[in-house]
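Worksheet: one structure, shown below.
Every number here is computed from the coordinates shown, using simple stated rules; none is lab data. If you're wondering where the values come from, they're calculated on a predicted model, not measured in any experiment. Glycine also receives a Cβ, built like all others from the backbone with ideal geometry; neighbour counts cover every protein chain displayed.
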Amino acid sequence: MRQIIITRAGPAMTVQDAGRPGHLGQGLSRGGAADPLALAEGAALWGQAGAAIEMAGTGGVFTVSEPTRIALTGAPMSADLDGRALRWNASHMMPAGGVLTIGGASAGAYGYVHFGGGIDTPLVLGARSAHLSAGLGRVLQSGDKLPLGPDTGQTTGMGLEVPNRFEGGVLRLVASVQTEAFSAAERARFTDTEFTRDARANRMGMKLSQAGAAFATDAQLDVLSEVIVPGDVQMTGDGVPFILLPECQTTGGYPRIGTVIPCDMPRAAQAGPGARLRFRFVSRDEALQAERGLRDHVAGLRRAIRPLLRDPAQMGDLLGYNLIGGAVCAHQEEE
Amino acid sequence: MAGAFPQIASVGLGGLLVRFAAHLSEDANRAALAFRAALESAGWDGIEECATSLASTFVRFDPLAVDAGALSARLSALLSEHDWYAMPLPHGRRHFLVPCAFGGDAGPAFGAAADAAGLSAQAALGALTAAPLRVMTIGFAPGLPYMGDLPDFDIPRLKELVQVPAGGVALAIRQAIIFPNGSPTGWRHVGQTAFRPFQPEADQPFTLAAGDEVQFRAVSEDELALIRVADDPTGGAEVTAL
């Protein structure tokens, strides 16, 4: 059985896939990769969807029992294979016993390493994702061994140009059920404020800090608990905003000023410590158009991958490469 | 929140919320449960899932596949077909008599909750154990029951969050909850059970369903420790069909 051996685990590495939709009514949020776009990029790079390892802030050291294709996506991290630097947003071949070392992120919050065939741990409630707040799965530890599924593809040495979503920026909001509970003046102050992503963040949500007064509504502490969706910007009792992420609670009583639209959630989740964020309310039509744009982008990822241009001067083991194969795959690989 | 109920509101880009009341009420809770059941059996195209909160039904859909305005009109039409507030509770309900240690280390905020409610410790204990509580919805965390009504405990959430362990019982705004996992909360932690609302490894991972009843039976911390030894996921509860 092909497997990954985690020689050294970073502090917050978990197995992640698309999560578990459909359990809202039982209090279980979908969970899944904090940056689902990074999962889609990995799937495009190695031609197969599957569970990957999500690395918050910093990576770890990995080996594989048999030759294995890998892809690296999400927050760019330093990476090398047996001492040779690896390109991020790219797929590579890892020999049996090769040592993959992934370091800290230069920007962003969540990096992903995908292994050909996908991580094949048992399904729990329909998915492999760790959902830490629900008590499903756990943080990966040094010494863990993870089985891999059958790899149906062969392509490696491909890269993807990825627009920068790793340094904060503007997040678009739509109004939600409690937006009106905030006065027009409070909402205006909210969208005029530049926030900093606080160090306090996890897969449930990220705290935002700012210099001004807390954001308040009169209804603050006795709102009837209602449904919560990822992207909701919630004001806790002391008026500090949190952006709720995939492992968020499913209902809650703290008022929410608006909801970050789904296509801006990768940018939200990838705002690393200290990143600056602003918010802008948009119309439903503008939000739908943006969402359509993201889906088109995801659908086009497979066509957007390109062979990596290698600099022969930096290839110490030129003769070890198969210079004609690999870059072209004649058959269409499907998810 | 003003205006007539039921009312329909938009949640994010891919959700609609049907609210049956602005405040907790038994008939609005039944309406929300019945409306969800009706939607699930109707099986409309493009609806990805339905859920309830205390007094509302949530419908999640793909916003690019379903026009929110058309779905809202369809929900309105369904709402006008019945008096949802007069609908019966779900079938298959059960009664759980759950041992719970109140106060002390097991419930550090018990005294403060009683004070906030204007009750003596003895009266507070009586109010929490005298009658069964209805599971009004499951939410927040997997399997977590929101139970009520506790009219004596119309107390607000706290501004500061505290950590509550798995099995902890907490109170606010006329309701009690049991935490499936350790969690920060603004509710007041008044007691401790060995009850597990979420058992991911079990065939039925979610122990309770909306409509079930939970009645607390006060036990000492020593008794609770003995119950824990038995490692029973219902925490020593007696379960009967209703």
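Given the DSSP H assignment, sum -39500 (n - 2.57) over each helix run of at least 4 residues in chain B and divide by its residue total; what's the result at 222 nm in deg cm²/dmol, nearest 500? Walk me through the intermediate numbers first.
Numbers: 5 runs with 56 residues, N = 242.
Result for chain B: -7000 deg cm²/dmol, rounded to the nearest 500.
Normalised by 2.2 N^0.38 Å, where N counts its residues, the alpha-carbon radius of gyration of region B:1-90 equals 1.00. The Cα center of region A:167-209 and the Cα center of region A:41-59 differ in position by 28 Å. Normalised by the number of residues in chain A, the mean separation of alpha-carbon contacts (under 8 Å, six or more apart) gives a relative contact order of 21 percent. Only DSSP H runs of four or more residues enter the estimate; each adds -39500 (n - 2.57), and after division by the residues of chain A the mean residue ellipticity at 222 nm equals -4000 deg cm²/dmol.
With only Lys, Arg, Asp and Glu charged, each at its Cβ (+1 for the first two, -1 for the last two), find how big the charge dipole of chain A is about the Cα centre; round to the nearest 20 debye. All intermediate terms of the calculation are to be shown ahead of the outcome.
On the way: 30 positive and 33 negative charges, 55 e Å.
Its charge dipole is roughly 260 debye.
Footprinting exposure proxy ranking of A:Tyr254, A:Tyr110, B:Tyr85, fewest other C-beta atoms within 10 angstrom first, gives B:Tyr85, A:Tyr254, A:Tyr110.
For q = 0.05, 0.12 Å⁻¹, what log10 I(q)/I(0) does the protein assembly as shown give under the Debye formula with an equal point scatterer on each alpha carbon and no solvent? Results for the protein assembly as shown at q = 0.05, 0.12 Å⁻¹ read -0.23, -1.20. Each residue of region B:31-45 is assigned a 3J(HN,Hα), and the resulting list reads 4, 5, 5, 5, 5, 4, 4, 5, 5, 5, 6, 6, x, 4, 4 Hz, derived from the Karplus form 6.51 cos²θ - 1.76 cosθ + 1.60 (θ = phi - 60°), x at Gly and Pro.
Order these by the 10 Å Cβ neighbour count, fewest first: A:Asp198, A:Asp82.
In increasing order of surrounding Cβ atoms, one gets A:Asp82, A:Asp198.
Close amide H pairs (under 5 Å, H built 1.01 Å from N) link B:Glu48 with B:Arg60, B:Phe61, B:Asp62, residues at least 5 positions away or on another chain.
With a ≥ b ≥ c the root eigenvalues of the C-alpha gyration tensor of region B:130-169, is it rounded (a/c under 1.5), prolate (a/b larger than b/c) or oblate? Intermediate results must be reported in sequence, preceding the final value.
On the way: a/c = 1.83, a/b = 1.16, b/c = 1.58.
In terms of gyration-tensor shape, oblate.
Rounded to whole numbers, the Karplus 3J(HN,Hα) couplings from phi for region A:24-32 are 4, x, 10, x, 9, 6, 4, x, x Hz, using 6.51 cos²θ - 1.76 cosθ + 1.60 with θ = phi - 60°, and x at Gly and Pro. What percentage of all Cα-Cα pairs in chain B are separated by more than 33 Å? Beyond 33 Å sits 23 percent of the P(r) for chain B. If you fit an axis through the alpha-carbon atoms of helix A:284-299 and take the longest principal axis of the Cα set of chain A, what angle between them do you get, 0 to 90°, nearest 10? Its long axis makes an angle of about 10 degrees. Taking the longest Cα principal axis of chain A as reference, the axis of helix A:36-46 is set at about 10 degrees.
For region A:169-282, the calculated P(r) over all alpha carbon pairs, in 5 Å bins from 0 to the bin holding the longest distance, is 2, 13, 26, 28, 21, 9, 1 percent. Amide H contacts of B:Gln215 (H built 1.01 Å from N, in plane; Pro and chain starts excluded): B:Phe96, B:Leu97, B:Val98, B:Leu133 sit under 5 Å, all sequence-distant by 5 or more or on other chains.
What number results when the radius of gyration of region B:51-165, computed over Cα atoms, is divided by 2.2 N^0.38 Å? Please report the intermediate quantities before stating the final value.
Values: Rg = 19.3 Å, N = 115, 2.2 N^0.38 = 13.4 Å.
Compactness ratio reported: 1.45.
Rg/Rh, computed from the Cα trace of chain A with Rh as the Kirkwood radius, has the value 1.00. When you restrict to C-alpha pairs under 8 Å that are six or more residues apart and normalise by the size of region A:1-101, the relative contact order lands at 30 percent. Region A:248-271 and region B:209-242 have their alpha-carbon centroids 36 Å apart. Taking amide hydrogens as placed 1.01 Å from N in the peptide plane, the amide H of A:Thr152 sits under 5 Å from those of A:Gly117, each at least 5 positions away in sequence or on another chain. Got a sec to turn the phi values of region A:201-214 into Karplus ³J(HN,Hα) couplings, 6.51 cos²θ - 1.76 cosθ + 1.60 with θ = phi - 60°, whole Hz, x for Gly and Pro? Ordered by residue, 3J(HN,Hα) equals 7, 8, 6, 7, x, 10, 7, 10, 10, 7, 7, x, 5, 5 Hz.
In whole angstrom, how long is each semi-axis of the equivalent ellipsoid of region A:150-204, when you take the square root of 5 times every eigenvalue of its Cα gyration tensor and sort them from largest down?
Working: eigenvalues 303, 46, 35 Å².
For region A:150-204, the ellipsoid semi-axes come out as 39, 15, 13 Å.
Which whole-number percent gives the relative contact order of chain B, counting Cα pairs below 8 Å spaced six or more residues apart? Before the final figure, lay out the partial values.
Details: 519 pairs, mean separation 50.1, N = 242.
It comes to 21 percent, rounded to a whole number.
How do A:Trp46, B:Trp44 line up, fewest other C-beta atoms within 10 Å first? Please list the in-between numbers first.
Numbers: A:Trp46 27, B:Trp44 15.
Going from sparsest to densest Cβ surroundings: B:Trp44, A:Trp46.
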